[in-house]
C-alpha cells in the first residue's frame, strides 16, 4: 500500500462539496496560523531568557527584584551570577552554568525555528489549495451562468 496522499480533481466535484473542502481547509489554515503564533511567542520568551542570562553576567550590581507575582516583587541579592535554574519542561528545573543555560535556550530556539519553518511551508501549501479551489469555483459559477443565459 502506498502512503501517498490521494489527489482529487476539483473540476469533477460539485460546487457545494468544493465549498465544504475550502471551509475545512480555511479552518486548518486558521489552526496552523494560531500554532505558528504560539511558536513565535515561545521563541520570544526564550530569547528574553537568553538576554537575561547575558545581562546578568554584565551587571555590576548584586541587587535585583524577585517576582512573587505579576505585580509583587521583593528585593534580593545575587549569590552567584553564573548559576541558573533552567526550566527543561513539565515543571522540572535543572541547575546550569551560564554557558550551559544559554546552550539549552539556543537549542530550544533552533527547534522552534525548525517547527515554525515547517508550519510556514504547510500554510503556503494550504493557501495554494484554497486558491485553486477558488479558481475552480469561479469557473464553475461562470459555466452555470453561461448555461443559464443560453437557455
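Quick note: the coordinates plus some simple rules give every number you see, no bench work behind them. Note that the structure is predicted; figures quoted are calculated from it, not measured. Heads up, the Cβs are rebuilt from the backbone with ideal geometry, glycines too, and the neighbour counts pull from every protein chain shown.
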If each of residue 41 and residue 144 carries a label point 7 Å out from its Cα toward its Cβ, how far apart are those two points in nm?
4.0
Working from Cα positions, state the angle (0 to 90°, nearest 10) between the long axis of helix 15-58 and the longest principal axis of the chain.
10
Would you mind getting me the FRET efficiency between residue 30 and residue 131? Use the beta-carbon distance for r and R0 = 22 Å, nearest 0.05.
0.85
Evaluate the relative contact order of the chain (contact order divided by residue number), counting alpha-carbon pairs under 8 angstrom at least 6 apart; express in whole percent.
31
In a GNM of the chain with a 10 Å cut-off on Cα contacts, which of 131, 80, 113 has the highest mean-square fluctuation?
80
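At 222 nm, what helix-only mean residue ellipticity would the chain give, in deg cm²/dmol to the nearest 500, using -39500 (n - 2.57) for each DSSP H run of four or more? Display every interim value, and only then the final one.
Values: 2 runs with 97 residues, N = 151.
So the helix-based figure for the chain works out to -24000 deg cm²/dmol.
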Per-pair calculated FRET efficiency, R0 = 25 Å: residue 99 and residue 124 via Cβ, rounded to 0.05
0.10
Mind giving me the FRET efficiency for residue 58 and residue 80? R0 is 25 Å, r the Cβ-Cβ distance, nearest 0.05 is fine.
0.95
Whole angstrom only: what separates the Cα centroid of the stretch 28-55 from the Cα centroid of the stretch 84-151?
13
So I have (1) 53; (2) 38; (3) 63, and one of them is percent of Cα pairs over 22 Å apart calculated from this model. Which one is it?
(3)
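Note the full-extension length gain between residue 23 and residue 90 as 0.36 nm times their separation in residues minus their Cα-Cα distance, in nm to one decimal.
Details: separation 67, 0.36 × 67 = 24.12 nm, distance 3.55 nm.
Gain on stretching residue 23 to residue 90: 20.6 nm.
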